[in-house]
Amino acid sequence: MADAINWAALFLAIITSTGLLLSQDWRWRIGFLAAQYLSAFWMVQTHWPASMAASKLVTGWMACAVLGIAQLNASRRGEGELTRPHGRLFHFFTACMVLVVTFAVSSRVTVWLGLSLPIAWGSLLLMGLGLLQLGITSDPFRVVIGLLSLFSGFEILYTSVESSSLVTALLAVVNLGLALAGAFFLGSVEEERI
């Protein structure tokens with residue numbers, strides 16, 4: 001039963017991380033990020049107690065709320081987002097390449113860290129697609145989402161090694177700090193445009 005839930009969480013992580021890369025509307029990106037935190041919660045729950053794993057989910061959703069409010073305020077002041085799809089086919093093919101490469105590497109990670117395949121593949125996939133998003137954009141909103149995805153994948157791997165309450169709090173502070181920094185940069189970029 002737990003293995004089936006891990007596979008479902010991996011499938012959700014594939015859909016959400018690819019959706020983050022391909023979507024053009026900021027509302028969809030916030031929704032995909034919130035769903036990605038739900039899949040990360042299920043993957044983290046295999047190594048941590050449910051109460052500690054829930055802190056990952058709540059912190060992620062708080063980060064989504066902060067980014068959503070900042071983007072809503074920025075889009076009211078600014079002229080709006082670019083709506084034409086540019087490079088979507090390239091983004092899709094590179095996401096498929098990352099999917100294949102992370103699957104190949106995850107078989108080794110399962111041996112090194114003693115993880116199940118869906119957990120290792122999901123964490124590497126989130127890190128890989130987060131790095132891809134960081135590498136192909138300069139938009140502050142997408143950069144913050146890429147950093148949060150990368151960090152979420154790292155957290156999934158790190159939970160198999162460490163289960164300290166202090167580490168959980170530190171990871172939550174880093175997540176919220178990234179979201180607040182992203183909100184600050186969104187506001188400062190929009191003020192420069194005005």
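The values are calculated or read from the model by the stated rules, or taken from the named source; none is laboratory data. These numbers come from a predicted model, not from an experiment. Glycine gets a Cβ as well: all are built from the backbone with ideal geometry, and neighbour counts include every protein chain shown.
Applying the condition of being loosely packed, with under 12 Cβ neighbours inside 10 Å and modelled with pLDDT of 90 or more to segment 72-96 and asking which residue is farthest from T137 (Cα to Cα) yields C96. For segment 150-162, filtered to residues that are closer than 28 Å to R88 by Cα and not aliphatic (A, V, I, L, M), the residue that is surrounded by the most Cβ atoms within 10 Å (Cβ to Cβ) is S152.
Can you tell me which residue within segment 16-35, out of those that are under 19 Å from K56 (Cβ atoms) and among the hydrophobic types (A, V, I, L, M, F, W, C), is surrounded by the fewest Cβ atoms within 10 Å (Cβ to Cβ)? Show your work before the answer.
Going residue by residue through segment 16-35, those that are under 19 Å from K56 (Cβ atoms) are 16-17, 20, 30-35.
Those still in the list that are among the hydrophobic types (A, V, I, L, M, F, W, C) too: 20, 30, 32-35.
Numbers: L20: 26, I30: 22, F32: 22, L33: 25, A34: 17, A35: 19.
The residue in question is A34.
To keep it simple, each residue is scored yes or no on (1) within 15 Å of the chain's Cα centre (by Cα); (2) within 21 Å of A63 (Cα to Cα); (3) buried (at least 21 other Cβ atoms within 10 Å of the Cβ); (4) among the polar types (S, T, N, Q).
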position	(1), (2), (3), (4)
V101	no, no, no, no
A104	no, no, no, no
T110	no, no, no, yes
S123	yes, yes, yes, yes
L148	yes, yes, yes, no
S164	no, no, no, yes
A172	yes, yes, no, no
L180	no, yes, no, no
L186	no, yes, yes, no
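Among the residues of segment 26-46, those identified as in contact with a Ser or Thr (Cβ under 8 Å, 6 or more places away or on another chain) and touching a residue at least 40 places away in the same chain (Cβ under 8 Å) are W26, R29, L33, Q36, Y37, S39, A40, M43, V44, T46. Could you give me the residue pairs with C-beta distances under 7 Å whose first residue belongs to segment 47-71 and is under 22 Å from D139 (Cβ atoms), whose second residue is in a helix (DSSP H, G or I) and of a type in the set (S, T, N, Q) wherever it lies, and which are 6+ apart or on separate chains? Close Cβ pairs (under 7 Å, with a partner that is in a helix (DSSP H, G or I) and of a type in the set (S, T, N, Q)) amount to G60/N175; A63/N175. If I filter segment 6-28 for residues that are out of contact with any Cys (no Cβ under 6 Å at 6 or more places or on another chain), over 30 Å from F93 (Cβ atoms), not hydrophobic (A, V, I, L, M, F, W, C) and not in a helix (DSSP H, G or I), do I get at least one hit? Among the residues of segment 6-28, not one is out of contact with any Cys (no Cβ under 6 Å at 6 or more places or on another chain), over 30 Å from F93 (Cβ atoms), not hydrophobic (A, V, I, L, M, F, W, C) and not in a helix (DSSP H, G or I), which makes the answer no.
With a cut-off of at least 3 residues that are at pLDDT below 90 and closer than 30 Å to S75 by Cα, name the helices (runs of 4 or more DSSP H) lying wholly within segment 112-194. Before the answer, list the steps.
On the way: elements: 117-136, 140-159, 165-193.
Result: 165-193.
State all residues of segment 134-146 that are in contact with a Gly (Cβ under 6 Å, 6 or more places away or on another chain) and surrounded by fewer than 24 Cβ atoms within 10 Å (Cβ to Cβ); if no residue qualifies, say none.
Start the filter on segment 134-146 by keeping residues that are in contact with a Gly (Cβ under 6 Å, 6 or more places away or on another chain), which leaves 134, 144, 146.
Hits for segment 134-146 are L134, G146.
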